[in-house]
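The values are calculated or read from the model by the stated rules, or taken from the named source; none is laboratory data. Just so we're clear, the structure is a prediction, and the values are computed from it rather than from any experiment. Cβ placement follows ideal geometry from the backbone for every residue including glycine, while neighbour counts extend to all protein chains displayed.
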């Protein structure tokens, strides 16, 4: 039985992880904190993953209304040629207490389906936990984010500046009882 190449992640830690095959090509990636020089390449990945419809999402309203970017907590996946192939951005917001808002999360279509998205989220969440904070909120698929520990926000606890399916509003507690006082509309910190 012929086996396809495996995606291997290289992070700042000397840990290599095997994730899966990507369209018959080896892809080794390094996860790093977002830097200003990544901006244009990140925009290309976001456009390729979401198209122009990404600007119509409610999550974009959160970012436009004064969420504070946290590039040191955000993660970018670079391939061997140092090209951006994925991104997971983190923002600081407030909903009764200061929390982190995750998104957008995007992987270049040529690098999808091998676990890179989950690896980016895990690394970004680990950075948030290390910095300290109450929790992380996002809009996304519970099925995708549940393995990392995200769950649906209890009905009525959080509001976004626009329509969102309540089953897609998720959160993850970073510190014990960190989400106890997190409630209300997500707004700038």
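Some notes on this structure:
- Of everything listed in (1) in a strand (DSSP E or B); (2) surrounded by 19 or more Cβ atoms within 10 Å (Cβ to Cβ), the single unmet condition for residue 179 is (1).
- Unmet criterion (only one of (1) in contact with a strand residue (DSSP E or B) (Cβ under 7 Å, 6 or more places away or on another chain); (2) surrounded by 15 or more Cβ atoms within 10 Å (Cβ to Cβ); (3) over 22 Å from residue 185 (Cα atoms)) for residue 115: (1)
- Selection status of residue 31, closer than 19 Å to residue 116 by Cβ, in a helix (DSSP H, G or I) and modelled with pLDDT of 50 or more: no
- The set of residues in region 129-156 that are surrounded by 15 or more Cβ atoms within 10 Å (Cβ to Cβ), in contact (Cβ under 8 Å) with a residue 24 or more places away in the chain and not in a helix (DSSP H, G or I) comprises 133, 134, 135, 136, 137, 138, 139, 140.
- Scanning region 69-99 for residues that are touching a residue at least 40 places away in the same chain (Cβ under 8 Å) and surrounded by fewer than 20 Cβ atoms within 10 Å (Cβ to Cβ) yields a count of 10.
- Among the residues listed as 162, 149, the single one being farther than 21 Å from residue 189 by Cβ and over 13 Å from the mean Cα position of the chain (by Cα): 149
- Residue check for residue 118: closer than 24 Å to residue 52 by Cα and assigned to a loop (DSSP other than H, G, I, E, B): no
- Filter result for residue 160 (within 20 Å of residue 46 (Cβ to Cβ) and out of contact with any strand residue (DSSP E or B) (no Cβ under 9 Å at 6 or more places or on another chain)): no
- Residues being in contact (Cβ under 8 Å) with a residue 40 or more places away in the chain, on the phi < 0 side of the Ramachandran plot and outside any loop (DSSP other than H, G, I, E, B) - total across region 101-115: 7
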